[in-house]
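Working notes, beginning with the structure itself.
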Amino acid sequence: MDKIKVIFLDRDGTIIEETESGVIDSIADLRFLPKVVESLQKLKFDGYHFVMVTNQPGLGKGRVNPEGFEEVQKQLIKLFAMDKVFFDEIFVCPHLEEEQCNCKKPKIGMVKEYIEKNDIALDRSFVIGDRSTDVGLAKNLGIKSIRMSAANDPDADFTTNSWKEVADFILDYSF
Ligand SMILES: [Mg+2]
Ligand SMILES: [Zn+2]
């Protein structure tokens, strides 16, 4: 079996737009970032697997309604599936900083088991996210990072706020 190439994706601010309140627990608030679906399709055709990795402390704080959160997740998965984009796994950390969990990014707890049980080409895998904690996750996993941001992040391997550029950057790495 060939090793698999994986893209670990943050959700808020990366796949979907952040809301002003930071709370996304209603389908009405669900908005994809421009070109994210097309870009993931292209990357899928190139053989990439996708894993969603999201910190959701709003769940732990009670600011995000859990049923609403589930509805948004279901809708998001359904919309991607309509365009034949699927996630191998979806990992959610609901914890607060003070709970000192092992899964809150940049810690690797959410993806540890996935990485252990799959044969992953780490040299061709990426973390994509809009926060420094996403870049930190990539560093802790020893893989490349793409920061979704308008301002350059010198710690990331690549910074852009354009999904088209994300796809082009990753496809340039493929061999
Ligand atoms: Mg984010
Ligand atoms: Zn956690």
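Some points to look at:
- The one condition in (1) open to solvent by 70 Å² or more (accessible area, probe 1.4 Å); (2) in a helix (DSSP H, G or I); (3) within 30 Å of Arg124 (Cα to Cα) that Lys84 fails to fulfil: (2)
- Conditions (1) open to solvent by 50 Å² or more (accessible area, probe 1.4 Å); (2) in contact with a Gly (Cβ under 9 Å, 6 or more places away or on another chain): number failed by Glu67: (2)
- The residue list Ile115, Ile90, Ile120 contains one member that is closer than 16 Å to Ile16 by Cβ, at pLDDT 95 or above and away from ligand 2 (no atom under 11 Å from the Cβ), which is Ile90.
- Cβ-Cβ under 7 Å pairs, at least 6 apart or on other chains, the range 84-102 side touching a residue at least 60 places away in the same chain (Cβ under 8 Å), far side away from ligand 1 (no atom under 16 Å from the Cβ) and assigned to a strand (DSSP E or B): Asp88/His49
- Of the candidates Leu43, Leu59, Leu76, the single residue that is away from ligand 2 (no atom under 16 Å from the Cβ), in a helix (DSSP H, G or I), within 30 Å of Glu97 (Cβ to Cβ) and touching a strand residue (DSSP E or B) at 6+ places or on another chain (Cβ under 8 Å) is Leu76.
- The set of residues in the range 5-30 that are more than 14 Å from ligand 1 (Cβ to nearest atom) and under 17 Å from the mean Cα position of the chain (by Cα) comprises Lys5, Val6, Ile7, Leu30.
- Test set (1) within 13 Å of ligand 1 (Cβ to nearest atom); (2) out of contact with any Pro (no Cβ under 7 Å at 6 or more places or on another chain) - Gly109 fails condition number: (1)
- Subset tally (residues that are hydrophobic (A, V, I, L, M, F, W, C) and within 12 Å of the chain's Cα centre (by Cα)) for the range 80-109: 4
Table: residues versus (1) buried (at least 19 other Cβ atoms within 10 Å of the Cβ); (2) not in a strand (DSSP E or B).
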| site | (1), (2) |
| --- | --- |
| Lys5 | yes, no |
| Phe8 | yes, no |
| Asp25 | yes, yes |
| Ala28 | no, yes |
| Thr54 | yes, no |
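- Wholly within the range 120-175, strands (runs of 3 or more DSSP E) carrying at least 3 residues that are surrounded by 16 or more Cβ atoms within 10 Å (Cβ to Cβ) and free of Cβ contacts under 8 Å to residues at least 60 places away in the same chain: 144-148, 158-160
- Filter pass, Gln100 being open to solvent by 20 Å² or more (accessible area, probe 1.4 Å) and at positive phi: yes
The values are calculated or read from the model by the stated rules, or taken from the named source; none is laboratory data. From a predicted model like this one, the values you see are computed outputs, not experimental measurements. Heads up, the Cβs are rebuilt from the backbone with ideal geometry, glycines too, and the neighbour counts pull from every protein chain shown. In case anyone asks, the SASA skips ligands and DNA or RNA and just uses the protein heavy atoms, side chains included. Shrake-Rupley method; radii C 1.70, N 1.55, O 1.52, S 1.80 Å.
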